[in-house]
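Student: Starting off with a structure, shown below.
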Amino acid sequence: MNEDFRARKVRFADEKLFAAYEELKGGRSEEKELAVSLDEAIQKLKLNSKCGIKIPSRLWPREYVIKYQIDNLWKLNLRSGWRLIYTITTTNVEIVSILLEWFKHKDYEKKFKYNVK
């Protein structure tokens, strides 16, 4: 059996993103629903950092590579067509899922250049 007993954590990429997440909790009903969906995603990531879908490097937005110096990128589908984008970092003692951004499916397709005509 090849179990990984490293601690699993979830972090926001920066304070601005965390503040946006906190703001959702006090927003309109659709914003609160997104906050609940993000909470569920965070719990999933704490159990399994690879629960999302790995995004091929050829599709990575250059801004992510420059700003976050990523070497992996993942997408997790949320409720109501929202997408959560994250990367994973590891050490000998922990695995950290770093939340980079969330947006509607249509905006996700645009950012990752799917169906762009």
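Every number in this text was worked out from the coordinates using simple rules, so none of it is lab data. Since the model is a prediction, treat every value here as computed from it, not as a measurement. Note that we place each Cβ from the backbone using ideal geometry, even for glycine, and neighbour counts take in every protein chain shown.
Student: For region 1-44, give me each residue that is part of a loop (DSSP other than H, G, I, E, B) and surrounded by fewer than 16 Cβ atoms within 10 Å (Cβ to Cβ).
Tutor: Filtering region 1-44 down to residues part of a loop (DSSP other than H, G, I, E, B) leaves 1-6, 13-14, 26-28.
Answer for region 1-44, where residues must be part of a loop (DSSP other than H, G, I, E, B) and surrounded by fewer than 16 Cβ atoms within 10 Å (Cβ to Cβ): Met1, Asn2, Glu3, Asp4, Phe5, Arg6, Asp14, Gly26, Gly27, Arg28.
Student: Take the residues in region 45-60 that are in a loop (DSSP other than H, G, I, E, B) and of a type outside the set (S, T, N, Q); name whichever of them is nearest to Glu94 (Cα to Cα).
Tutor: In the first step, residues of region 45-60 are kept if they are in a loop (DSSP other than H, G, I, E, B); the result is 48-52, 55-56, 60.
Retained after the next criterion (residues that are of a type outside the set (S, T, N, Q)): 50-52, 55-56, 60.
Values: Lys50: 14, Cys51: 16, Gly52: 18, Ile55: 22, Pro56: 24, Trp60: 25 Å.
Per the criteria, the residue is Lys50.
Student: Please state which one of Tyr114, Tyr86 is of a type in the set (Phe, Trp, Tyr) and under 13 Å from the mean Cα position of the chain (by Cα). First the steps, then the outcome.
Tutor: Details: Tyr114 fails: under 13 Å from the mean Cα position of the chain (by Cα).
Matching residue, one of Tyr114, Tyr86: Tyr86.
Student: What residue, among those in region 92-117 that are free of Cβ contacts under 8 Å to residues at least 60 places away in the same chain and not in a helix (DSSP H, G or I), is farthest from Cys51 (Cα to Cα)? Walk me through it before giving the result.
Tutor: Initially, region 92-117 is screened for residues free of Cβ contacts under 8 Å to residues at least 60 places away in the same chain, giving 103-117.
Filter again for not in a helix (DSSP H, G or I), leaving 103-104, 112-117.
Values: Phe103: 18, Lys104: 19, Phe112: 20, Lys113: 23, Tyr114: 22, Asn115: 25, Val116: 27, Lys117: 31 Å.
Among those residues, the one meeting the criterion is Lys117.
Student: Let me ask you something else. Could you tell me which residue of region 51-64 is nearest to the chain's Cα centre (by Cα), considering only residues that are of a type outside the set (Ser, Thr, Tyr) and surrounded by 13 or more Cβ atoms within 10 Å (Cβ to Cβ)?
Tutor: We begin by selecting, within region 51-64, every residue of a type outside the set (Ser, Thr, Tyr); these are 51-56, 58-63.
Filter once more, so that each one left must be surrounded by 13 or more Cβ atoms within 10 Å (Cβ to Cβ): 51-52, 55, 60-61.
Numbers: Cys51: 11, Gly52: 9, Ile55: 12, Trp60: 13, Pro61: 14 Å.
Step by step, filter region 51-64, then rank; the result is Gly52.
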